1. Pick from 76, 61, 37, 41: which is touching a helix residue (DSSP H, G or I) at 6+ places or on another chain (Cβ under 8 Å), in a helix (DSSP H, G or I) and in the same structural domain as residue 400 (by the TED database)?
2. Mind telling me which of the residues 235, 221 ends up being at positive phi and either touching a helix residue (DSSP H, G or I) at 6+ places or on another chain (Cβ under 7 Å) or within 11 Å of the ligand (Cβ to nearest atom) (or both)?
3. Anything in segment 121-160 that is farther than 19 Å from residue 209 by Cα and either assigned to a loop (DSSP other than H, G, I, E, B) or in the same structural domain as residue 406 (by the TED database) (or both)? List them, or say none.
4. Could you please let me know if residue 74 is away from the ligand (no atom under 16 Å from the Cβ) and surrounded by 14 or more Cβ atoms within 10 Å (Cβ to Cβ)?
5. Could you please find all residues in segment 277-309 being more than 13 Å from the ligand (Cβ to nearest atom) and either free of Cβ contacts under 8 Å to residues at least 12 places away in the same chain or crowded, with 24+ Cβ neighbours inside 10 Å (or both)?
6. Would you mind finding the one in 162, 208 that is in contact (Cβ under 8 Å) with a residue 24 or more places away in the chain, more than 15 Å from the chain's Cα centre (by Cα), buried (at least 21 other Cβ atoms within 10 Å of the Cβ) and within 16 Å of the ligand (Cβ to nearest atom)?
7. Out of the residues in segment 236-251 that are free of Cβ contacts under 8 Å to residues at least 60 places away in the same chain and within 26 Å of residue 198 (Cβ to Cβ), which is surrounded by the most Cβ atoms within 10 Å (Cβ to Cβ)?
8. Condition check: touching a strand residue (DSSP E or B) at 6+ places or on another chain (Cβ under 8 Å), away from the ligand (no atom under 16 Å from the Cβ) and closer than 21 Å to residue 294 by Cα. Does residue 119 satisfy that?
Ligand code: PLP
């Protein structure tokens, strides 16, 4: 008998019913607490139950919750766009609001195509991406995503955009030594462009740090500079998908700042509203918008709820909270504490093969044999077992794909709210230690 008519991720599965949340903790209706070590799906960046956000929500709801973007603008949407321009810095100046990360990446692609059309290059319609990537679940976004498990049922309807190898140095796809490889994986973009023809390519899209598709893959220094140069030399726009990494998650406002690379278009979602309401965005540079501004003057895109004033007011309150509470800096600091603690655990548990990440976006890849990096024979069972034990022990962890085919590896993401304190980090490490201990016992 189902709990209710709501469709659950696993049909017939039982899920705790959450009653309320506060800070880094969620509480179910039986009173059990869960340390939200994943921020849901790497989303609740400022934690749960923040008063300032609730006040902004109520105030906006009292004024107006909905206006249609083709009829009106709103103060909330205008202020949010200005705040985004301020926080993203550089030339990134124009925001287009949507409701999910998937819509944001699809919008970015459409705007890239339109940019070239308005410049008299209508054939530039394709987008190149990496075969280990996730840009969203809708058909256009999934077409750009190198995520085998999420693609496999729909392959006949999807474009084959992912073609470039990821910088997965723990298991180099090209079997090279990361110290001497010369970043051949980045050069693959050039080969892809040659094959397809730059006349046919609108953009290259990449997550600065690969999230769910690879269990947090941080590229080596110089990698993104190289990719950006290749894009520039070939008249191809660079779209940075910061849906997971944006607004402080990695210890910088944008993860791209680590490498001083300015994208032509950036997409945001998740932490942009910290999960308080659905909102996401594609943010464009002046260069991208200019031909459209001087041409048709209208972007062919948008949804009924785009730039919804309630969501915009909430997002604005969240971004102000990030700034005022110095959460970007805190993410960098707490990220170092957590990584240090997790590395200690990796010495204790031989099934932890790799720990990687920046700020509070940390990936753990699990292996059967640390020395040879041999994956478990049943990687999905391993991930599910660890996450299941975690939930029982009151710690929420996020699953990720891993392995060279995105299927044969096992990984989790640890990404608590950026507000987590040192004491709460210690509690997180204690709960995860208990979880790993229990999992270790199952290995016999
Ligand atoms: N892009 C990245 C990098 C993501 O991690 C995600 C979601 O996990 C998306 C896009 C899609 O966002 P959404 O689930 O809000 O559609």
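1. None of the other options fit; the residue is 41.
2. 235 is the lone residue from the list that is at positive phi and either touching a helix residue (DSSP H, G or I) at 6+ places or on another chain (Cβ under 7 Å) or within 11 Å of the ligand (Cβ to nearest atom) (or both).
3. 121, 122, 123, 124, 125, 138, 158, 159, 160
4. Considered against the rule, which asks whether it is away from the ligand (no atom under 16 Å from the Cβ) and surrounded by 14 or more Cβ atoms within 10 Å (Cβ to Cβ), residue 74 comes out as yes.
5. 283, 284, 288, 290, 293, 297, 298, 307, 308
6. 162
7. Restricting to residues being free of Cβ contacts under 8 Å to residues at least 60 places away in the same chain and within 26 Å of residue 198 (Cβ to Cβ), the top hit is 242.
8. Judged against the criteria, residue 119 is not a match.
The values are calculated or read from the model by the stated rules, or taken from the named source; none is laboratory data. The structure presented is a predicted model; accordingly, all values stated were derived computationally and were not measured. In this analysis, Cβ positions are derived from the backbone assuming ideal geometry, glycine residues included, and neighbour counts consider all displayed protein chains.
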